[in-house]
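These notes are about the structure you will find just below.
The values are calculated or read from the model by the stated rules, or taken from the named source; none is laboratory data. These numbers were taken from a predicted model, which means no experiment stands behind them. Please note: Cβ atoms are built from the backbone with ideal geometry, for glycine as well, and neighbour counts cover all protein chains shown.
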Amino acid sequence: MAWIAGASLVAWGWLLAGQGFFWRTDVRLPPGTDVRLPPGTDARLRPGTAPRPPDGRAGPVRGLPEPPAEWPSVAVVVPARDEAEVLPLSLPSLLAQAYPGRAEIVLVDDDSTDGTGELARALADGHGGLPLTVTSPGEPAPGWTGKLWAVRHGMALSRERTDAEYVLLTDADIAHGPDSLRALVSAARAADLDLVSQMARLRVTDFWERLIVPAFVYFFGQLYPFRWVNRPGTRTAAAAGGCVLLRRDAAERAGIPERIRHAVIDDVTLSRAVKRSGGRHGPGTGRIWLGLADHVDSVRPYPRLADLWRMVARSAYAQLLHSPLLLVGTVLGLALVYLAPPVALVAGLVGGSAPVALLGGLAWVVMTGTYLPMLRYYRQPPWTAPLLPFTALLYLLMTVDSAVQHYRGRGAAWKGRTYGAPPSRAGTTSEEASEGA
């Protein structure tokens, strides 16, 4: 037990300092929507401070240029399937965007049975604002997931109707602050980014949401440290599918969405394709940015444990490339890193072994400390931080259940559709698959 507790403490020491400071929550867009950066400026933006200059020295960047005289055109594509419950809380925020340039919304009604399309038209008539087009692509073609089929249809329609330089892909359950689109475009233009994504603040109202949701974002950041994602030239790539601003020519270079049509975890796959496809600075130099949002919120409720369980389990095994070996490694890793510390502390106290109790207690303290910033971001009380091992146990069980459901033919199920493992991961090389693992 002492060896296990010691290994857990070493693991937490490495995670604390060597995993891109994943536990920090300061990677966000600047509060001023018109802030622009000189070409080559580090894209790791932080709230309330000027961005760092290219040589990495701390300090303000002086002489920031004014906002563009002409703002680029943007097409907002919203894939929606049976979203009548949340649409009144989200769509008006898009219609009311205070964007200085031309922007229009395409809502793709993906064979909804609850009147999603009709409701969207009624909301547009009642609220006004940005022009809205509601369209439907029909059932997905073979080999396509429903969401990406809808995205394909929306992007194609917007390309026919406008000369938009950017496409904002946003989910039907995402509510945007009035300056959200303006801030995204400002950041993209300022740092010459091909993709800008914000991790929407998920709802934390009910008991199970408070317990599980902050940990969901915490674990995501651990898998894909935002600082590594945002560093040009690195292999790490990720995005948050609820809010992705994509440069049109970058999408064309990356073959989006055709190249990723099989993807269940479409946001990470999209970001990887953009980063690897190359950009204006040569092959493999696609520039992407991912951070936490301050004014982009998910309005979808997950009041019951079963709701959150389905949300995690539907894609957990896909994240592991449907590999039994990766599943075993993940379970053992979660047990060592998150479950061993409290078990060692209790075992050491009960068995009278001071070294075991000390090692387990120290590992638990470090774990708790890394979780506190995420709890503050979600405005949750700090006393819930020591409960992270219990939450991790739930995620472990959700991951195992995801694999079980996959082998029962019910994996990756979402609103009446089930997606199995594709014959080959579209747009993903073996090297990329290893990175995803």
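Among residues of segment 333-376 being more than 30 Å from L202 (Cβ to Cβ) and not hydrophobic (A, V, I, L, M, F, W, C), the one that is surrounded by the fewest Cβ atoms within 10 Å (Cβ to Cβ) is G352. When the residues of segment 124-154 are filtered to those that are more than 15 Å from A80 (Cβ to Cβ) and under 24 Å from the mean Cα position of the chain (by Cα), the one that is surrounded by the most Cβ atoms within 10 Å (Cβ to Cβ) is W144. Hey, does segment 179-194 have a residue that's surrounded by fewer than 24 Cβ atoms within 10 Å (Cβ to Cβ), at positive phi and outside the structural domain of R376 (by TED's automatic domain parsing)? Checked segment 179-194: at least one residue is surrounded by fewer than 24 Cβ atoms within 10 Å (Cβ to Cβ), at positive phi and outside the structural domain of R376 (by TED's automatic domain parsing).
Per the conditions (1) surrounded by 21 or more Cβ atoms within 10 Å (Cβ to Cβ); (2) within 21 Å of L270 (Cα to Cα), the sole criterion not satisfied by D109 is (2).
When the residues of segment 326-336 are filtered to those that are over 23 Å from the mean Cα position of the chain (by Cα) and of a type in the set (A, V, I, L, M), the one that is farthest from L9 (Cα to Cα) is V328. Being modelled with pLDDT under 90, surrounded by fewer than 17 Cβ atoms within 10 Å (Cβ to Cβ), over 22 Å from the mean Cα position of the chain (by Cα) and small (G, A, S) is not true of S434.
Of all residues in segment 146-173, those satisfying the criterion of being part of a helix (DSSP H, G or I) and aliphatic (A, V, I, L, M) are L148, A150, V151, M155, A156, L157.
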